[in-house]
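Encoded as structure tokens, the structure appears first; notes follow it.
The values are calculated or read from the model by the stated rules, or taken from the named source; none is laboratory data. Everything numeric here is computed off the predicted structure, so don't read it as measured data. Cβ sites come from the backbone with ideal geometry, for glycine too, and all protein chains shown count toward neighbours.
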Amino acid sequence: MNNLEIIQAFDKLVPNPKCELNYKTPYQLLVAVILSAQCTDKRVNLVTHELFKNYPTPEDMVKLTYEELGKLIFSCGFYNSKAKAIIDMSQDILHKFDGKIPQDLDKLISLRGVGRKTANVIISEAFKGDAFAVDTHVLRIASRLGLTESKNPDQVEEDLKKFFPKNSWSKLHYQIVLFGRYKCKAVKPDCTSCPFQSICKYFQGKRANNN
């Protein structure tokens, strides 16, 4: 399958992909994405629903200590490191960027607690730019479909950006994430009627083992 055939297949599988994190501002999305590391979006939404009532802005968030924020986000897991990342990031936004979320990738990455994947999500979702965020789902699907030989997220991002046209990146990222989350799971993926059987390494291996 060529790149356009893969895009068309994803358009049929996930015609209207949407971010499943709830937010009202780019800053809130940034907090939610940090919380989502190794945590479900459903859980994050439950936590941020209460968190953003009282601490919706970086000005509000920096009033908390690491310990206080940790208690509020405890159920998201890794609450100590996430609390530090959120408060440190909020301080950087206030001190470096006058309280505004930068739209430039390098500036976003300069925020403490913000990595390349998170920055790409903000660019594509909050600012509707062209970016290809690579999370565990994208890593898995890209490998299974033979779109990359690398396991390094930065290299996988480059491989995908070279293979797919720029105007497809942001939409395709969410399509792959949702496809990986609900159909092509890490364990026991649903290969039934999957349009990628002809190129999927996982399916080809499973079929070979059954013969």
**OP:** Can you tell me which residue within the stretch 1-19, out of those that are in a loop (DSSP other than H, G, I, E, B) and under 13 Å from H173 (Cα atoms), is nearest to the chain's Cα centre (by Cα)?
**Re:** C19
**OP:** Please verify whether the stretch 104-111 includes one or more residues that are at pLDDT 95 or above, of a type outside the set (S, T, Y), part of a loop (DSSP other than H, G, I, E, B) and under 24 Å from E20 (Cβ atoms).
**Re:** yes
Original post:
When residues of the stretch 114-123 are filtered for being buried (at least 19 other Cβ atoms within 10 Å of the Cβ) and outside any helix (DSSP H, G or I), how many remain?
Top reply: 1
Original post:
Could you say whether any residue in the stretch 74-84 is surrounded by 15 or more Cβ atoms within 10 Å (Cβ to Cβ) and of a type in the set (K, R)?
Top reply: yes
Subject >> Close pairs (6 angstrom Cβ cut-off, 6 or more residues apart or separate chains): assigned by TED's automatic domain parsing to the domain that holds F97 in the stretch 24-48, among the polar types (S, T, N, Q) and in a loop (DSSP other than H, G, I, E, B) anywhere >> reply: V44/S36; N45/N22
**OP:** Go over the candidates A126, A133 one by one and state the one that is under 19 Å from N3 (Cα atoms) and either among the charged types (D, E, K, R) or crowded, with 19+ Cβ neighbours inside 10 Å (or both).
**Re:** A133
Original post:
What pairs come up if the first residue lies in the stretch 52-79 and is at positive phi, the second is surrounded by 14 or more Cβ atoms within 10 Å (Cβ to Cβ) and assigned to a loop (DSSP other than H, G, I, E, B), and their beta carbons are under 9 Å apart, counting only those six or more places apart or on different chains?
Top reply: G77/A37; G77/C39; F78/A37; F78/C39
**OP:** Please verify whether the stretch 158-166 includes one or more residues that are under 18 Å from K18 (Cα atoms), among the charged types (D, E, K, R) and surrounded by 14 or more Cβ atoms within 10 Å (Cβ to Cβ).
**Re:** no
